[in-house]
Amino acid sequence: MPPTTEIRTLPAAPVAASPEHRFALARYRDLSLVPVLLVLCVIGFAVSPAFLTSDNLLGVAQQATELSLLVLAQSLILISGRMDLSLESTIGVAPVIAVWLVLPDHGARFNGLGLFPGWAAIPLCLLVGAVIGAVNGFLILKLRLNGFIVTLGALTLLRGLQVAVSEGQSIVDVPGSFTYLGRASWLGVPAAIWICALLFFVTGSALAWLRHGRALYAIGGNSEAARAAGIRVDRVVWTVLILGSLLAAFAGILYTGHYGSISADQGNGWIFQVFAATVIGGVSLNGGRGTLFGALTGVLTLQLVVNVMTLAGVPPLWNQFLNGAIIIVALIISRFASGERQE
Amino acid sequence: MPPTTEIRTLPAAPVAASPEHRFALARYRDLSLVPVLLVLCVIGFAVSPAFLTSDNLLGVAQQATELSLLVLAQSLILISGRMDLSLESTIGVAPVIAVWLVLPDHGARFNGLGLFPGWAAIPLCLLVGAVIGAVNGFLILKLRLNGFIVTLGALTLLRGLQVAVSEGQSIVDVPGSFTYLGRASWLGVPAAIWICALLFFVTGSALAWLRHGRALYAIGGNSEAARAAGIRVDRVVWTVLILGSLLAAFAGILYTGHYGSISADQGNGWIFQVFAATVIGGVSLNGGRGTLFGALTGVLTLQLVVNVMTLAGVPPLWNQFLNGAIIIVALIISRFASGERQE
Amino acid sequence: NRGSDADSAGGKPALGIDLPRADSDFWNSYAQYIERDAASQGLNTLPVSNSQNDVTKLVANVQVFQNTGAKAVVMAPQDTGAIASTLETLAAKKIPVVSVDTRPDKGDVYMVVRADNKAYGTKACEFLGERLGGKGKVAELQGALSSVNGRDRSEAFAACMKEKFPGIQVIELATDWKGDVASAKLQSTLAAHPDLAGIYMQAGGVFLQPTLALLQQKGLLKPAGAPGHITIVSNDGIPAELKAIREGRIDATVSQPADLYAKYALHYARAAAEGRTFTPGPTDHQSTIIALPNGLEDQLPAPLVTKGNVDDKALWGNTVGK
Amino acid sequence: MVDPSPGRGPVVEADGISKRFGATVALSDAGISVAPGESHALVGRNGAGKSTLVSILTGLQQPDTGTLRFHGEPAPAPGDTDAWRSRVACVYQRSTIIPGLTVAENLFLDRQSTGALRPISWKRLRHRASDLLAEYGVDVDPAARAEDLTVEQRQFVEIARALSFGARFIILDEPTAKLDARGIERLFDKLRALQRQGVAFLFISHHLQEVYELCGTVTVYRDARHIVTAPVAELGQEALVEAMTGESPRGGEPAWSVTCGTSALAPLLEVSGLSLDGAYHDVTLTVHAGEVVGLAGAAASGNVRLGETLAGLRRPRSGTVTVAGRPVRTGHVPDALAAGIGFVPEDRHLQGLVPDRSVAENATLTVTDQLGPFGMVLPSRTRAFAERMIAGLGIKTPGASASVSDLSGGNQQKVVIARALATRPHVLVAVRPTNGVDVKSKEALLGAVRGVADSGKSALIVSDELDDLRVCDRVLVMFHGRVVAEFPHGWSDERLVAAMEGMPGLNDTKESDASHH
Ligand SMILES: Nc1ncnc2c1ncn2[C@@H]1O[C@H](COP(=O)(O)OP(=O)(O)OP(=O)(O)O)[C@@H](O)[C@H]1O
Ligand SMILES: Nc1ncnc2c1ncn2[C@@H]1O[C@H](COP(=O)(O)OP(=O)(O)OP(=O)(O)O)[C@@H](O)[C@H]1O
Ligand SMILES: [Mg+2]
Ligand SMILES: [Mg+2]
């Protein structure tokens, strides 16, 4: 059938209007946090002139980098209908193990094995991340264990492993190659920001335009249907889990450079923030819905809150309270902005 | 996601009369942790003669009481297809507010408002719990906000509220009536143990034999269907959420008595343990499946692990690592003991 | 197996030792000292436990100590309230308790071994105040609001500033003992107050590296004396801090004596098990024992370390792990 | 719960009911009135608004406008579920079975015990359950978990539950869609029995002969509007179809025509010695180019499993599958697709659709590799592709970007078929392709299937609906997992049904079940 003719003979009057409408709504969903961001900026501007300085905003952006990578990872995993709590430990344990394999076994307070040359630290770190993801994937997909608890167990286990390997110390003398990305600046903007922006852009477009990206949505939406449509569900999900841990490990590299050492509780307790950011950003916990852009707005919201509160000089005692309150308010605003129930 | 909830896997073949087989399996699911418990007991006995003393075992049981109440609450909520992360904060904030309303506004290191007589502390505490649950319910069921994030926000907010009210101090001089239950012993066994046993028994029977109990399973299994069958879904769920927070507040009372003060980070970080215990105990995160007995075995497992590790003198550095490893191993054992995939 | 040799080991009374946490430089150094001293003094210790900064685990562990025949218990309850009823139980069982680093709010203790955290705050305040000539802005990286030690340091620091250096504006930043939070808030503060003159970090183990990394990135890490130098006072006295002092990256730190903590914790535990008693007053090791409503406290000296005395061999930071 | 006031006014009377869902108008100023003891049919094309009316009549949804009266009294308050249940019971189109619970409990959900505080006696409940199920000749262990039942068994549990309320007015929304011929007979016997007791029905079905068989009055909806209500006797099949579609049918005969004797052409699909434990044994069959072959069989005959095996969803124990001479790796969907096997799954909700995603995305799920270079998926092409499908199959949707879960069931089914046709398969394996689809669309869908064959490819229709099988050049009948008979085109319904029933020699589901243990 010649398409052209068909397309003309298409929908009737009442229907014609609605595609845009639906479309608008779908788009809108990802923008639902934008109002919140605007409100925050207004407040920020009101409380301190320092807020709108590039210095401050770049600072906020940089502080957001590590978290945003975890959020990126978690979004991919959630969209394909899974969860990974262990990301918050991977960000810590991967660098520690990498450095442990690289550092000389004498001299410094923290003694490594010195098995590999210094430049190998980054590849090793990423490798460790990939392995962690692969093991999680094995337990979840092959042994069919409950993903939530597997990764919860992994969270504890990996944190414990980090403490054991690093003997609870924060590791200060780290190979320069390892810390470069986290501390370098390109064109006056921290390298980490460039990298995260790039990663979000690339992954985001992959999700939007590539078939393997679309596959995640199909799997998250209804894995049985995806399977019947010829998508290799388990393989894709496994890949996503590995990719997620890989990103977490990379976040660990940025973190180490950013904060100058691998601290023993690097990433400890972040997973809550990760989920908060992802979900107020419009990614569904049931899989199949959400975009990376939305998730990104989620991270920025959380980070801006901290920044504004600090600038406003909120009394420390009320800090945490406000933090929680703002999450809920943001949730309410975004829910009514997008007009969708969040099931 | 109505379609996916319908059936997990295509039934292999029509089911005709095969009662005992089916039934066995269903029952078995809740017992799947029993092997794990036995293994732990054997190990415990092997590592130290002190393990099998009534002193030690009662101690373990009493340390399990507060956690077990949270697990009881979470199980009810999960079975009806929801989640409440804020329980871990309710256990702390409810007592603080109650005591704050009761204590005199001078003298003690912590100054309250002295609005109510001392005996009112317990009722007030429970009331606060109920209110928290009601508010969560309102946000989730009326405003249709995402339950996970609402309660996550509540977790932060309530903890912050506690810090703000108690100024971060632990409150030591608490009305006697308030601490009685947590410290008293009846017939040589801590009162808390009697109470928890009773609560588990009563709630468990209600779930098994009362219509409203069964309603939770129906709602968790397929709320649309439950609604069609005439169950007032929202009302029931709301009740469950309130009940859950009420139990958490009560756990707070026991905690206060047990540890002799209301500490500022009472319950902080417990929610992970709560989920771990509940889910390895066989309660499904997707709702509609699981029993309180299973959940209870989950708590005991986690508590025994700590006890056995201490008795065995595990090197401190490896503590946490083993903790996580054991969760996963327990998960694997229970999965193969029950022979069911855990989706 | 272990439990029974508590009594069998040459009549030596068994000591139960709990470590508060395994994930911080300071406490790991403490753990090392405990191990070393216990060995060198030939003490009979039950397996050392770790309560992972969780009072419920601590209580569970102490319970095990009771059941395995401990004659004295060394603990470092980070939650000074929630340990109360445990202390009562131990008292009832006639098991003396040595509390390291923190002073339980309630319940009898045989001896509290700690340096005075209020003194930390005051020392830091005085040092900063003098360096800044009594004016300027100072950022204070506080710990978790629920931590007694953190609170003592904050209160003392605030009080001292208010009284002695009213000209100095203190910006309090709650960090929940988290390095990244501290860095984020400090960065915001620097944006708001480019003229920040001083920083007081309540825990070098946590805050030192993030702060230095931030200042370096912002090009604010000027050597002491140079214009625009930000005066930094830290706390703990871990090796990294001493190194930073030598390199002139920070100006001072309060050395919280991990070695003495371990040494005298064991010392008093042993004494307690042997039934010896102490009275308030100066001790043989440049410290004073003071009386508490619920016991005694040996307030160990916590020297302020500056470029001047940074190489002092007596500083634990110079000897640990060597 | 017996009707409070028997006989006063119509059991239900709805006037000027309107309901919109966002963009879609589900009902506009529609009405219906069912007299006591009457069995009333409601027919209409997919998306006409039938199920929406049902959900309003049963109090699950509130109408935007309009009035609703039972026995002349206004409808109960929205929340008052007990009141609703005492007036109307319903077999919903969408399954309301709770997978995790036992059959017994599903049957007596929320009625397990008489009083809220009276403990449930599980033993008694199971007995009541087996008694109830026995009335329908369904042999299921009441203690079995519902999720382990077959689609058919589950459907009967639904029906048994609805009918056991003792309501005087019962709604059945496409109750027969998931039943085989025998099941339908059993159901109808039961319904007639209830009719004699003066129970009123509202019966929704896309099988018009069922309407004539069972009902006295028929109401037709079209495009969310009420078109006509008349005694069935006065409304001939053609008039009925015309009322439903709004256009006069071409004198009954279908759009497609079966052109027999194509078996001279090369075999496209060859199956030999295929066996799957507990489903079918040593099945061998051949489908030639240009041929549509039917694979008939009752619920437990194994024909559906065979179809799923061909699609790669199940790995057979033994046997080979060959497409156009090339052997296909069994048990792998991608390989089956690559080999040119298209598949329409049995249950669209379970295996067919990704509910949250757009019609376009669902329709192109199998061909994402054809929508752009370097594994890209270009929205423009996706849209064009989808709109071609929408036009070709006449899918009723607000647009290609509408969420597929907002389509009516029949239209969802069309999307699933579009997905299968998208790959231009050599062999189209379609399981109950017209499940829940209205007469007109049925023609279109079967026409599409026929079209595949006429274009030199071939199709295998796995179904027990005679209408589906009529397009076939030949029909293979399976029973107890074996191919027991083959009919050339022009078979007679009786003989085919008899063969599906495994006649001669009486047998019932029990035996066939037994053969699977
Ligand atoms: N909850 C809903 N949200 C959006 N649209 C809906 C909803 N329910 C029904 N619709 C739309 O309303 C129209 C009527 O749907 P309905 O299910 O009543 O048709 P139907 O006659 O039952 O179709 P079928 O015969 O396929 O079951 C359809 O176009 C459907 O897409
Ligand atoms: N709550 C809802 N939200 C969104 N869409 C809905 C909702 N309820 C129904 N719909 C859509 O409206 C359509 C009409 O509802 P209906 O009960 O007829 O389902 P159906 O698809 O016709 O069932 P079946 O697929 O078994 O024929 C359904 O296909 C469903 O996708
Ligand atoms: Mg319908
Ligand atoms: Mg339908």
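Can you tell me which of C:121, C:167 is buried (at least 18 other Cβ atoms within 10 Å of the Cβ) and farther than 20 Å from residue A:318 by Cβ?
Result of the check over C:121, C:167: C:121.
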The stretch C:36-64, residues that are assigned to a strand (DSSP E or B) and within 7 Å of chain B (Cβ to nearest Cβ):
C:49, C:50
Only one of D:203, D:188 is at pLDDT 90 or above and either within 16 Å of ligand 4 (Cβ to nearest atom) or of a type outside the set (A, V, I, L, M, F, W, C) (or both), namely D:203
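Name the strands (runs of 3 or more DSSP E) wholly inside the stretch D:226-317 in which the number of residues that are more than 26 Å from the chain's Cα centre (by Cα) and modelled with pLDDT of 90 or more is 3 or more.
In the stretch D:226-317, the matching strands (runs of 3 or more DSSP E) lie at D:267-276, D:280-288.
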Checking the structure you have, find out if any residue of the stretch D:30-39 is within 13 Å of ligand 1 (Cβ to nearest atom), assigned to a strand (DSSP E or B), within 11 Å of another protein chain (Cβ to nearest Cβ) and surrounded by 19 or more Cβ atoms within 10 Å (Cβ to Cβ).
no
Reported set for the stretch D:46-66 where residues are within 26 Å of residue D:395 (Cβ to Cβ) and either near ligand 3 (Cβ under 10 Å from one of its atoms) or more than 14 Å from every other protein chain (Cβ to nearest Cβ) (or both) is D:46, D:47, D:48, D:49, D:50, D:51, D:52, D:53, D:54, D:55, D:64
The correct count of residues that are more than 14 Å from chain B (Cβ to nearest Cβ) and of a type in the set (S, T, N, Q) in the stretch C:142-195 is 5
Would you check if there is a residue in the stretch B:268-287 being in contact (Cβ under 8 Å) with a residue 24 or more places away in the chain, at the interface with another protein chain (Cβ under 7 Å from one of its Cβ atoms) and under 30 Å from residue C:44 (Cβ atoms)?
no
The lone exception for residue D:129 - which of (1) more than 26 Å from residue D:37 (Cα to Cα); (2) facing chain B (nearest Cβ under 10 Å); (3) not hydroxyl-bearing (Ser, Thr, Tyr) it fails
(2)
Inspect the stretch B:88-104 for any residue being assigned to a loop (DSSP other than H, G, I, E, B) and either more than 23 Å from residue A:272 (Cα to Cα) or within 14 Å of chain A (Cβ to nearest Cβ) (or both) and give the result as yes or no.
yes
Run down D:184, D:171, D:159 and say which single residue is outside any loop (DSSP other than H, G, I, E, B), in the same structural domain as residue D:41 (by TED's automatic domain parsing) and within 16 Å of ligand 1 (Cβ to nearest atom).
D:171
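Consider the stretch D:411-438. How many of its residues are of a type in the set (Val, Ile, Thr) and either more than 15 Å from ligand 2 (Cβ to nearest atom) or within 12 Å of another protein chain (Cβ to nearest Cβ) (or both)?
Residues in the stretch D:411-438 being of a type in the set (Val, Ile, Thr) and either more than 15 Å from ligand 2 (Cβ to nearest atom) or within 12 Å of another protein chain (Cβ to nearest Cβ) (or both): 6 in total.
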Here are the criteria: (1) more than 23 Å from residue A:74 (Cβ to Cβ); (2) free of Cβ contacts under 8 Å to residues at least 40 places away in the same chain. Tell me which single one residue A:213 does not satisfy.
(1)
Could you check the stretch D:46-121 for helices (runs of 4 or more DSSP H) lying wholly inside it with 1 or more residues that are more than 16 Å from ligand 2 (Cβ to nearest atom)?
D:81-87, D:103-107
Residue count, the stretch A:288-315 (criterion: outside any loop (DSSP other than H, G, I, E, B) and facing chain B (nearest Cβ under 9 Å)):
0
Could you please give the count of residues in the stretch C:176-209 that are closer than 20 Å to residue A:314 by Cα, touching a Gly at 6+ places or on another chain (Cβ under 7 Å) and not in a helix (DSSP H, G or I)?
2
Residue check, residue B:170 crowded, with 22+ Cβ neighbours inside 10 Å and at the interface with another protein chain (Cβ under 8 Å from one of its Cβ atoms):
yes
Which of the following residues is buried (at least 24 other Cβ atoms within 10 Å of the Cβ) and either part of a loop (DSSP other than H, G, I, E, B) or without any contact (Cβ under 8 Å) to a residue 24 or more places away in the chain (or both): C:91, C:82?
C:82
Pick from the stretch D:400-424, criterion of a type outside the set (A, V, I, L, M), within 12 Å of ligand 1 (Cβ to nearest atom) and over 22 Å from residue D:205 (Cβ atoms), ranking: modelled with the lowest pLDDT:
D:406
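The values are calculated or read from the model by the stated rules, or taken from the named source; none is laboratory data. Everything quoted here is computed from the prediction, not taken from an experiment. Heads up, the Cβs are rebuilt from the backbone with ideal geometry, glycines too, and the neighbour counts pull from every protein chain shown.
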